[in-house]
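These notes are about the structure you will find just below.
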Amino acid sequence: MGTVEVDVEFCGTCGYFKQFEELSQYIKPKHPDVAINGHEGRRASFEVKVNGTLVHSKLTTLAYPDYDDLSSIIEEVAEGKEIRKCKQQPITSCVIA
């Protein structure tokens, strides 16, 4: 099994730290050896990288990553497979102010 690192850039102003915590709490029990790092970044961002490769961008998709699919990507990368893009969660609401 290879080492896997997940890095999440999130918008602190938008309150996305809570979403980062939710993602971490979902991933950690399934993949206890994975390093999950989060840091505040650009406005409206929730960008997820696996081993330095962008697998999901909320700035591009306007959605959060699908946690099950991200978990599958982590497992695949740990097995030595190529990194692929992550599916997104369905957008349930979109408010533009």
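Summing Lys, Arg as +1 and Asp, Glu as -1, what charge do residues with Cβ under 15 Å from the Cβ of R84 carry, R84 excluded?
Combined, the nearby Lys, Arg, Asp and Glu give -3.
Given an 8 Å cut-off on Cα distances and at least 6 residues of separation, report the relative contact order of the chain as a percent.
Numbers: 165 pairs, mean separation 29.3, N = 97.
That works out to 30 percent.
Rounded, prolate or oblate, given the Cα gyration tensor of the chain, with a/c below 1.5 counting as rounded?
prolate
For K30 and L59, what is the calculated FRET efficiency with R₀ set at 22 Å and r taken between the beta-carbons, to the nearest 0.05?
Efficiency for this residue pair is about 0.25.
Just to be sure I understand the model, the point goes 7 Å from the Cα along the line to the Cβ. What's the resulting D68 to K18 distance in nm?
2.4 nm
Heavy-atom accessible area per residue, region 1-69, 1.4 Å probe: how many Å²?
Numbers: 3780 Å² over 69 residues.
Accessible area per residue, region 1-69: 55 Å².
Can you give the extra length, in nm with one decimal, that the chain gains between I91 and R43 once fully stretched, where that is 0.36 nm per residue apart less the Cα-Cα distance?
Answer, rounded to one decimal: 15.4 nm.
Under a Cβ-Cβ cut-off of 12 Å, what is the net charge of the residues other than S57 that fall near it, where Lys and Arg count +1 and Asp and Glu count -1?
+2
Run the helix sum for the chain: -39,500 (n - 2.57) per DSSP H stretch of 4+ residues, divided by residue count, reported at 222 nm to the nearest 500 deg cm²/dmol.
Working: 3 runs with 30 residues, N = 97.
My calculation for the chain gives -9000 deg cm²/dmol from helical runs alone.
The values are calculated or read from the model by the stated rules, or taken from the named source; none is laboratory data. From a predicted model like this one, the values you see are computed outputs, not experimental measurements. A quick note on method: Cβ atoms are made from the backbone with ideal geometry, for glycine too, and the neighbour counts reach across all protein chains shown. The protein model used for the area step is the full one, side chains on, heavy atoms only, and it has no ligands, DNA or RNA in it. Shrake-Rupley method; radii C 1.70, N 1.55, O 1.52, S 1.80 Å.
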